[in-house]
Amino acid sequence: MKPISGFVFTALVTARVAVGADVTNQPTLTLEGAHRVVDTALAYARSHGAPGAAVAVVDAGGHTICLERLDGTFPASADVSIGKARTAANFGRPTRGIEDSINKNRPALAAVAAVTPFTPLQGGIPILLGQQVVGAIGVSGGASAQQDEEIAIAGAGAFQSGPASQRK
């Protein structure tokens with residue numbers, strides 16, 4: 001086995017340091033955290049008389065971690081809830097504001113759908129750790145868009161406080 005030359009060794013060490021300086025640690029929402037968000041959202045939906053609810057939780061990149069749908073909820077609500085969650089994660093803000101912007105004479109925002117998957121409907125809320133988006137929740141199938149948003153806010157709130165759920 002040949003020894004590594006001083007130049008090659010120095011280059012390897014320097015590359016390792018440069019890579020470390022160029023990479024950040026990003027918190028990631030876990031499956032357990034996603035389950036806690038969903039469980040809290042569904043409990044809120046049931047206790048507030050929601051006729052149905054599909055609840056989706058995505059990671060910061062908009063990829064689905066968890067999806068549950070109450071019995072009797074219309075089937076398409078699952079896809080709509082994922083879209084709302086993805087939109088909230090990718091834009092880093094509640095989807096209500098995006099829908100409001102489109103409805104209040106900013107129709108150019110609708111063209112964003114040609115660039116990226118985008119569901120500008122009320123009911124998507126980002127999940128934050130400090131100021132950093134670690135995921136998002138989307139809800140569809142409640143009695144109204146307002147109820148979808150209330151359920152999503154309740155679910156996102158579970159991530160901000162309280163112990164981990166004891167899901168079986």
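Observations on the structure shown:
- Hey, residue 34 touching a helix residue (DSSP H, G or I) at 6+ places or on another chain (Cβ under 8 Å), among the small types (Gly, Ala, Ser) and open to solvent by less than 50 Å² (accessible area, probe 1.4 Å) or not: no
- Of 85, 78, all but one fail to be of a type in the set (Gly, Ala, Ser), open to solvent by less than 40 Å² (accessible area, probe 1.4 Å) and over 10 Å from the mean Cα position of the chain (by Cα); the exception is 78.
- Residue list for region 20-40, filter: part of a helix (DSSP H, G or I) and in contact with a strand residue (DSSP E or B) (Cβ under 9 Å, 6 or more places away or on another chain): 31, 33, 34, 35, 37, 38, 39
- Failed condition for residue 129, given (1) crowded, with 23+ Cβ neighbours inside 10 Å; (2) of a type in the set (A, V, I, L, M); (3) at pLDDT below 95: (1)
- Region 132-151, residues that are among the aliphatic types (A, V, I, L, M) and open to solvent by 20 Å² or more (accessible area, probe 1.4 Å): 133, 143, 145
- Restricting attention to region 55-77, the residues being part of a strand (DSSP E or B) and of a type outside the set (Val, Ile, Thr) number 6.
- The combined condition, being over 16 Å from residue 137 (Cα atoms) and out of contact with any Phe, Trp or Tyr (no Cβ under 8 Å at 6 or more places or on another chain), is fulfilled by residue 73.
- Residue list for region 37-57, filter: of a type in the set (Gly, Ala, Ser) and open to solvent by 50 Å² or more (accessible area, probe 1.4 Å): 43, 47, 49
- For region 92-126, a residue qualifies if it is at pLDDT 95 or above and assigned to a helix (DSSP H, G or I), and the qualifying residues are 95, 96.
- Flag if residue 92 is open to solvent by 30 Å² or more (accessible area, probe 1.4 Å), under 11 Å from the mean Cα position of the chain (by Cα) and touching a residue at least 12 places away in the same chain (Cβ under 8 Å): yes
The values are calculated or read from the model by the stated rules, or taken from the named source; none is laboratory data. None of these values were measured; they are calculated from a predicted model. Neighbour counts run over all protein chains shown; Cβ positions are idealised from the backbone, glycine included. Areas reflect the complete protein model, heavy atoms only, side chains present, ligands, DNA and RNA absent. Shrake-Rupley method; radii C 1.70, N 1.55, O 1.52, S 1.80 Å.
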